[in-house]
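The values are calculated or read from the model by the stated rules, or taken from the named source; none is laboratory data. Values in this document were obtained by computation on a predicted structure and should not be read as measured data. All Cβ positions, glycine included, derive from the backbone under ideal geometry; neighbour counts span all protein chains shown.
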Amino acid sequence: MKVGTDGTLLGAWARLPRSDGRVLDVGTGTGLIALMMAQRFGQARVKAIDVDAAAVGQARENVSASGFAGRIVVERCAFQECRDEGFDAIVCNPPFFVDALESPDVGRTLARHALSLSFRELMEGARRLLSDGGELSLIVPSESLLAMEREASLAGFMLCRHCAVRTVARKPPRRHLLAYRLQGVGIEEEEQCLDDGGGRRSAWYRSLTDDFYL
């Protein structure tokens, strides 16, 4: 999977409650979000996992070529089989096309469909692996929002941050950045747009992502 808007948004938006905390990037793909979290939080230790061998190989190459190799470990592992606990942040750009037609490319299918990791498994696993006060951060398309919110509630998570993201101002939000905790801390709600109305990145989008663009 190529670097995309969803991963870039999530990597720039997700929080780490402790600056020296532990981060788990679920379904790391190219390693983008793991690298962004390591860049943003200079003392963080990051574990990046994926079920796809090719993705793991690519992520390892990208990590080794970065300045953060000493703080990022990439493993081939299914989230359901992860046994580490005490992560202060779990980040995931999850498989989201639950009922859509599968791609003939197996790797792309695994990345884009809820075949290897359902929303319920994601929430149940995050509950098991998060530390006290830890935060689960996700990005989902609008058509998956209600399903994700339902599974989060069933697992005992409470929404603490929500950013609805429009591509252009005239259209409804296309994607949603979500952050959950197991203890209620209030909800931060906002709505933002990627486009400034003239085909350029909005001030919000620039401010959020400038550190990651050349």
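What the table below lists for this structure:
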| item | result |
| --- | --- |
| Hey, V168 part of a loop (DSSP other than H, G, I, E, B) and in contact with a Leu (Cβ under 8 Å, 6 or more places away or on another chain) or not | yes |
| Segment 141-172, subset surrounded by fewer than 19 Cβ atoms within 10 Å (Cβ to Cβ) and basic (K, R), residue farthest from D195 (Cα to Cα) | R150 |
| Single residue of segment 28-49 satisfying the filter (touching a residue at least 60 places away in the same chain (Cβ under 8 Å) and of a type in the set (A, V, I, L, M, F, W, C)) that is nearest to V91 (Cα to Cα) | I33 |
| In segment 122-136, the residues that are modelled with pLDDT of 95 or more and not charged (D, E, K, R) | L122, M123, G125, A126, L129, L130, S131, G134, L136 |
| Pairs, first in contact (Cβ under 8 Å) with a residue 40 or more places away in the chain and more than 19 Å from A54 (Cα to Cα) in segment 69-88, second surrounded by 15 or more Cβ atoms within 10 Å (Cβ to Cβ) and of a type in the set (D, E), C-beta under 7 Å, six or more apart | Q80/E121 |
| Matching option when the condition is in contact with a Cys (Cβ under 8 Å, 6 or more places away or on another chain) and not in a strand (DSSP E or B), among G186, G198 | G186 |
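Results for (1) under 17 Å from the mean Cα position of the chain (by Cα); (2) among the hydrophobic types (A, V, I, L, M, F, W, C); (3) more than 23 Å from A164 (Cβ to Cβ); (4) surrounded by fewer than 21 Cβ atoms within 10 Å (Cβ to Cβ), shown as yes or no for each residue.
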site	(1), (2), (3), (4)
G11	yes, no, no, no
L16	yes, yes, no, no
V23	yes, yes, yes, no
T28	yes, no, yes, no
A34	yes, yes, yes, no
Q43	no, no, yes, yes
A48	yes, yes, yes, no
R60	no, no, yes, yes
S66	no, no, yes, yes
